[in-house]
1. Of the numbered conditions (1) touching a helix residue (DSSP H, G or I) at 6+ places or on another chain (Cβ under 7 Å); (2) under 19 Å from E181 (Cα atoms), T118 fails exactly one; give the number of that condition.
2. For residues in region 162-187 being of a type in the set (V, I, T) and within 13 Å of the ligand (Cβ to nearest atom), which is modelled with the lowest pLDDT?
3. What number of residues in region 30-44 are under 16 Å from I7 (Cα atoms) and among the hydroxyl-bearing types (S, T, Y)?
4. Of the residues in region 29-40, how many are surrounded by 13 or more Cβ atoms within 10 Å (Cβ to Cβ) and farther than 20 Å from I96 by Cα?
5. Name every residue in region 111-161 that is without any contact (Cβ under 8 Å) to a residue 24 or more places away in the chain, more than 10 Å from the ligand (Cβ to nearest atom) and not β-branched (V, I, T), in order of residue number.
6. Going by the conditions given, is D104 exposed (fewer than 12 other Cβ atoms within 10 Å of the Cβ) and within 16 Å of the ligand (Cβ to nearest atom)?
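The values are calculated or read from the model by the stated rules, or taken from the named source; none is laboratory data. Note that the structure is a prediction, hence the values are computed from the model and not measured. Methodologically, a virtual Cβ is constructed for each residue, glycine included, from the backbone with ideal geometry; neighbour enumeration extends over all protein chains shown.
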Amino acid sequence: MKNKRIIDEAEDIHRAAEMVRLGARMQMLEAETRLSREKLLKIYKEVRGVSPPKGMLPFSTDWFMTWQPNVHSSLFMGYYRFFERREGVSGLDAIIKAYHLYLDQIEAGHVEPALSLTRAWTLVRFFDADLLQLTQCRTCGGYFVAHAHDPTRNYVCGLCNMPSRAGKTRQAAVRKMVLRELAEAVV
Ligand SMILES: [Zn+2]
């Protein structure tokens, strides 16, 4: 038995189920709970009705730098920092709370969520490992996900420097929402 206390196990099962509901992959479940792989597989199947996808997570820091993921990741990180600094919540609890808020906000804006829970979790791990940082945009003043140790002085975010291909009206709406949220969750 990996777990000594039944109460601890019950808490882990509850958390694992919530993480699976939010889209977590096995790697995240194994890192964040003390449950056996067999138990986690069972929980996953019960909640989702299918087996989890196999294989390692292919994420690198580069994914978070592309336009849309960067905007979504920055919004999530704004919320995460808010919970960490203002509410004194940390680790997985802060990730889950921030992710709920991110989903609510993105869905209210009728935007497809680009950031999965597992990616959000990976993002926080990249911050903890000092691979990424939040950099302030010199145009809008918002804080955005950027490579750690990159020069920050003349940084302009993706929202202030939008690619021309996508629909302008839609992008303008996303920009307004994200900037408002980032200003409220200010670091
Ligand atoms: Zn900006």
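1. Against the list (1) touching a helix residue (DSSP H, G or I) at 6+ places or on another chain (Cβ under 7 Å); (2) under 19 Å from E181 (Cα atoms), T118 comes up short only on (2).
2. Within region 162-187, the first condition is being of a type in the set (V, I, T), and the residues that meet it are 169, 174, 178, 186-187.
Adding the requirement that they be within 13 Å of the ligand (Cβ to nearest atom) leaves 174, 178.
Details: V174: 82, V178: 89.
Residue satisfying both the conditions and the ranking: V174.
3. Adding up the residues that qualify gives 2.
4. To start, the set of residues in region 29-40 that are surrounded by 13 or more Cβ atoms within 10 Å (Cβ to Cβ) comprises 29-30, 32-36, 39-40.
Now narrow it down to the ones that are farther than 20 Å from I96 by Cα: 36, 39.
Count: 2.
5. If the condition is that a residue be without any contact (Cβ under 8 Å) to a residue 24 or more places away in the chain, more than 10 Å from the ligand (Cβ to nearest atom) and not β-branched (V, I, T), then E112, R125, D128, A129, D130, Q133, A148, H149, D150, P151, R153, N154 are the ones that fit.
6. Numbers: exposed (fewer than 12 other Cβ atoms within 10 Å of the Cβ): yes; within 16 Å of the ligand (Cβ to nearest atom): no.
For D104, the condition - exposed (fewer than 12 other Cβ atoms within 10 Å of the Cβ) and within 16 Å of the ligand (Cβ to nearest atom) - is not met.
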